[in-house]
1. What do you reckon, is VAL78 outside any loop (DSSP other than H, G, I, E, B), open to solvent by 50 Å² or more (accessible area, probe 1.4 Å) and either in contact with a Lys or Arg (Cβ under 7 Å, 6 or more places away or on another chain) or at pLDDT 75 or above (or both)?
2. Could you list, in sequence order, the residues of region 211-232 that are within 21 Å of the chain's Cα centre (by Cα) and outside any strand (DSSP E or B)?
3. Under 6 Å by Cβ, and 6 or more places apart or on different chains, what pairs join a residue from region 172-201 that is in contact (Cβ under 8 Å) with a residue 60 or more places away in the chain with one that is surrounded by 13 or more Cβ atoms within 10 Å (Cβ to Cβ)?
4. Could you check GLU106 against (1) open to solvent by less than 60 Å² (accessible area, probe 1.4 Å); (2) within 25 Å of SER92 (Cβ to Cβ) and say which number it fails?
5. Considering only residues that are modelled with pLDDT of 90 or more, under 21 Å from LYS221 (Cα atoms) and among the aliphatic types (A, V, I, L, M), which ones fall in region 113-151?
6. Looking at (1) among the small types (Gly, Ala, Ser); (2) within 17 Å of ILE141 (Cβ to Cβ); (3) assigned to a loop (DSSP other than H, G, I, E, B), can you tell me which one GLY195 breaks?
7. If I go through region 172-191 residue by residue, how many of them are part of a loop (DSSP other than H, G, I, E, B) and either open to solvent by less than 50 Å² (accessible area, probe 1.4 Å) or within 13 Å of ALA213 (Cα to Cα) (or both)?
8. Please enumerate the residues belonging to region 173-212 that are farther than 16 Å from ILE80 by Cβ, of a type in the set (Asp, Glu) and touching a helix residue (DSSP H, G or I) at 6+ places or on another chain (Cβ under 6 Å).
Amino acid sequence: MDISEKKTALDDSASIYQRREEKTERAKWKELKGFKAKWEHFRAYYLLKTFIWVCVIAFVGYAVYEMFAPEKERLLYVSILDAVILDTEISSIQAGYEEYISFDEETQEVLFDNTVMISNSADAVSAQKFTTHAFVGEIDIIIARESVLKQYAGSYLRPLSEQLPADLYEALSERFCYARPRDEEGNWGEEQPYGIIISDFVEKNPYYDEPVALAICGNSKHEKNAEEFVRYLLEYGTKSKETAGE
């Protein structure tokens, strides 16, 4: 029996035998009617992918920029120990100082670090960070409680008579913080001014009753800029007191 002529259950022209043509995304998009339908299609199939690619491109772009962007010139590094000055006050001081020196944000950098906690024995990493930066001369100004500042006399700090010009030294003489340094053998040296009391110049952290003092780091790489910061702070404090007295 010749079965080639026997009819099958489905005709050869039935739809399951027809070759299916996949529609392109462009064609599918054209068939969608109205903004809502197109938005639902995009949200279902492309939104997450688009978000991921945007994040990847942004990250790569930022990384490339950081690698090849010219390094900014650091003008001043102020290390504020134990957060003795409130963040809001630091922002005000920094903004005023940048204006005072005609700061160029594109090419220059001024750093005020209020994160170093010297007195917290549990934060050894923070203390190590400070000593390392001070030792290599990256820190220009140290602001701390008076007792803390005195601990660095003779190590990270030099007498103000060796750092300040005569006019500034005389103008600040009534604000000096004195200390006696110790040499490597433990012998006490002569008492000399190593810091400047600035408690009435700035809004200090109310947690501390002790006076706040400022000092120029002995091996500062920007000693002239540090001197200018002291001049600015003297002017800043004077204006603050005048404003408070009005």
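1. Taking the combined requirement at face value, the residue does not satisfy it.
2. SER220, LYS221, HIS222, ASN225, ALA226, PHE229
3. LEU172/ILE196
4. Just one mismatch for GLU106, condition (1).
5. Within region 113-151, ILE139, ILE141, ILE142, ILE143, ALA144, LEU149 meet the criteria.
6. Failing condition for GLY195: (3).
7. Matching residues across region 172-191 total 4.
8. Listed by number, the list is empty, since nothing qualifies.
The values are calculated or read from the model by the stated rules, or taken from the named source; none is laboratory data. Here the structure is a predicted model, which is why all the values come from computation and not from measurement. Ideal geometry is used to build each Cβ from the backbone, glycine not excepted, and the neighbour counts take in all protein chains shown. Please note that ligands, DNA and RNA were not included when accessible areas were found on the heavy atoms of the full protein model with its side chains. Shrake-Rupley method; radii C 1.70, N 1.55, O 1.52, S 1.80 Å.
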